[in-house]
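See below for the structure under consideration.
The values are calculated or read from the model by the stated rules, or taken from the named source; none is laboratory data. All values reported here derive from a predicted model rather than from experimental measurement. With ideal geometry, Cβ positions are generated from the backbone for all residues, glycine too; neighbour counts draw on all protein chains shown. Heavy atoms of the whole protein, side chains included, go into the accessibility calculation; ligands, DNA and RNA do not. Shrake-Rupley method; radii C 1.70, N 1.55, O 1.52, S 1.80 Å.
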Amino acid sequence: MTAAIVWFRRDLRLADNPALQAACAGNRPIVPVYVHAPEELGAWAPGAASDWWLHQSLAALAGELRELGLDLVLRRGPSLQALTRLIRETGADAVHWNRLYEPAIIARDREIKAELRRAGLEVHSHNAALLHEPWTVQTGTGGDYRAFTPFWKACRRREEPPAPAPAPTQLAAPAGGLPEGEPLDAMGLLPAIRWDRKLEGHWQPGSAGAEARLAAFLDDGLASYDEGRDLPAQPATSRLSPHLHFGEIGPRQVWHAVQRRLARDGAGSLTAGAEAFLAEVGWREFAYHVLFHHPGFPDEPLNPRFSRFPWREDDGRLRHAWERGETGLPMVDAGMRELWATGWMHNRVRMVTGSLLVKNLRLPWQQGERWFWDTLVDADLASNSLGWQWVAGSGADAAPYFRVFNPVRQGERFDPDGEYVARWIPELAGLPAQHRHAPWQAPASALRAAGLRLDEHYPRPVVDLKRSREEALEAFQLIKQASA
Ligand SMILES: Cc1cc2nc3c(=O)[nH]c(=O)nc-3n(C[C@H](O)[C@H](O)[C@H](O)COP(=O)(O)OP(=O)(O)OC[C@H]3O[C@@H](n4cnc5c(N)ncnc54)[C@H](O)[C@@H]3O)c2cc1C
């Protein structure tokens, strides 16, 4: 029997993997390959934290395949050349992959599909990454959605996502064996200076890690998700985002695991926790929907009025302070330090740090988007663009521009004991909780007792919150009037 190639991309799992399932049907021999070709993603080639994750995730997938007697073949791009060579080497006459939705990847895949079909191959793409692919959800008039609630309602009216297939228990290699690939270390995914070691303690990339995260969340987080999800000091959210991004687990698996858990617990319908959690998974679907229908979304404001926004002239000082978590605003700095240390930041804090950058510092949202792109282990073109345009007020279903988060009030509300701030800014841990979100307002006696000298141990705010808020609103009025 001739072999089929399974081209792994961001679907780094064996269970619920339709490309793999289709390729090995009838115990057909398969050639599993990963092609490293970041340049094909243009300006949005993965950042350093994503590369670290990818390295670990490929190692995990290779281990799972090895247990079934197959080696993952690693090759370098260009993708078409790598696949063509592999077809020549193995005599494969079919290629399967799971679809991705970034504009550059869609264009590349279309070309590859056409080229391979011209060469006489059987080529099939499948859906592993979404509950509802972007073109399948349409408004009554056949258009795309720009608001989340009607989008999600439309998704919920559709059929339940199909139950995920289990991982195959056996896989066959081609009779002549598998060709050599390149060693994983040669892909250059790990940084030369090993700053990435700090990430190791926080994550277990790979499908086993993803499943363990999901199981832990179902046990400890799901029931109270609706209440706990906004509290960054609590481990109340699933932290599945990087696993979902790399396809180590798919949303169908998450969806059905939630349903099974509710059934086991005797819940007749979705609990408030489950409803809220699945809606967040729905935001991920919405992000892909928006990106698919608006390919310029990562770079340009969806609302064109914002392309004339009068951003502040910055010599890099403000941006640098924000990136390093040295703005003097504890809730912001804690978030930026969490990001730097772990490659992840709590959603509430992403909104607070983003708001400070875009509104108070009045720096372009694209600068924040880029920093997140390089430092997040879950950096995802669709969700990151949606998040930043939401914060900036320029995107689909975005926060209204005049909603400027006050990081002190946000801290007092969502981190009332200052626990999150103390965790990431230990120099503030000695202050009583009520002063941790605004140390510059703490009485001298409290600062003294905590051994904290402002400017020396921790900066004063780089920006006046009240004045900068007013300036942001004035700037917004300007673009509003200009486009009236
Ligand atoms: C400025 C900004 C940038 C962001 N950048 C990214 C990004 O690059 N990658 C990314 O995956 N998410 C991004 N998000 C969305 C969100 O912050 C993360 O998905 C979430 O914090 C991940 O943590 P979790 O897995 O514990 O989420 P949970 O609360 O457990 O949610 C479950 C899953 O739902 C999805 N999800 C949750 N919230 C959102 C959302 N608002 N938008 C899209 N999907 C969501 C994620 O896949 C997540 O894993 C961004 C949000 C903002 C405000």
*Among (1) in a helix (DSSP H, G or I); (2) open to solvent by 10 Å² or more (accessible area, probe 1.4 Å), which single condition is Pro400 missing?*
(1)
*Residues that are of a type in the set (Gly, Ala, Ser) and surrounded by fewer than 15 Cβ atoms within 10 Å (Cβ to Cβ), drawn from the range 76-127*: Gly91, Ala107, Ala114, Ala119, Gly120
*Would you check if there is a residue in the range 232-246 being open to solvent by 10 Å² or more (accessible area, probe 1.4 Å), free of Cβ contacts under 8 Å to residues at least 40 places away in the same chain and within 24 Å of Lys153 (Cβ to Cβ)?*
yes
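Hey, among Ser207, Ser224, which residue is more than 11 Å from the ligand (Cβ to nearest atom), farther than 18 Å from Glu285 by Cβ and open to solvent by less than 20 Å² (accessible area, probe 1.4 Å)?
Only one candidate qualifies: Ser207.
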*What are the residues in the range 334-370 that are part of a helix (DSSP H, G or I), of a type in the set (Lys, Arg) and more than 7 Å from the ligand (Cβ to nearest atom), if any?*
Arg337, Arg348, Lys359, Arg370
_For the list (1) in a loop (DSSP other than H, G, I, E, B); (2) closer than 30 Å to Leu74 by Cβ, I need the number of the one condition that Gln138 fails._
(2)
*Using the structure shown, decide if Ala128 is in a loop (DSSP other than H, G, I, E, B) and under 22 Å from the mean Cα position of the chain (by Cα).*
yes
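Only one of Ala257, Ala163, Ala172 is more than 16 Å from the ligand (Cβ to nearest atom), open to solvent by less than 30 Å² (accessible area, probe 1.4 Å), touching a helix residue (DSSP H, G or I) at 6+ places or on another chain (Cβ under 8 Å) and more than 30 Å from Ala48 (Cα to Cα). Can you tell me which?
Answer to the check: Ala172.
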*All but one of (1) in contact (Cβ under 8 Å) with a residue 40 or more places away in the chain; (2) open to solvent by 10 Å² or more (accessible area, probe 1.4 Å); (3) not in a loop (DSSP other than H, G, I, E, B) hold for Gly69, so report the exception by its number.*
(3)
*For Ala449, all conditions in the list (1) in a helix (DSSP H, G or I); (2) open to solvent by less than 40 Å² (accessible area, probe 1.4 Å); (3) of a type in the set (A, V, I, L, M) hold save one; what is the number of the exception?*
(2)
_Residue pairs, Cβ under 7 Å, 6 or more apart or interchain, first in the range 281-296 and farther than 12 Å from Tyr145 by Cα, second open to solvent by 10 Å² or more (accessible area, probe 1.4 Å) and near the ligand (Cβ under 8 Å from one of its atoms). List them._
Arg284/Leu244; Arg284/Ser383
_Residue list for the range 452-475, filter: under 15 Å from Leu361 (Cβ atoms) and either open to solvent by less than 90 Å² (accessible area, probe 1.4 Å) or aromatic (Phe, Trp, Tyr) (or both)_ = Pro459, Pro461, Val462, Val463, Asp464, Leu465, Ser468, Glu470, Glu471, Ala472, Leu473, Ala475
*Give the residues of the range 421-438 that are in a loop (DSSP other than H, G, I, E, B) and within 31 Å of the chain's Cα centre (by Cα), sorted by residue number.*
Ile425, Ala429, Arg436, His437, Ala438
*Look through Trp373, Trp424 and report the one residue that is buried (at least 19 other Cβ atoms within 10 Å of the Cβ), aromatic (Phe, Trp, Tyr), near the ligand (Cβ under 8 Å from one of its atoms) and outside the structural domain of Ile106 (by TED's automatic domain parsing).*
Trp373
*Would you say Phe306 is within 15 Å of the ligand (Cβ to nearest atom) and buried (at least 16 other Cβ atoms within 10 Å of the Cβ)?*
no
*Determine the pairs where a residue that is under 19 Å from Tyr145 (Cβ atoms) and more than 6 Å from the ligand (Cβ to nearest atom), located within the range 377-389, has a partner that is open to solvent by 10 Å² or more (accessible area, probe 1.4 Å) and of a type in the set (S, T, N, Q) with Cβ atoms under 9 Å apart, the partner being 6 or more residues away or on another chain.*
Gln389/Asn303
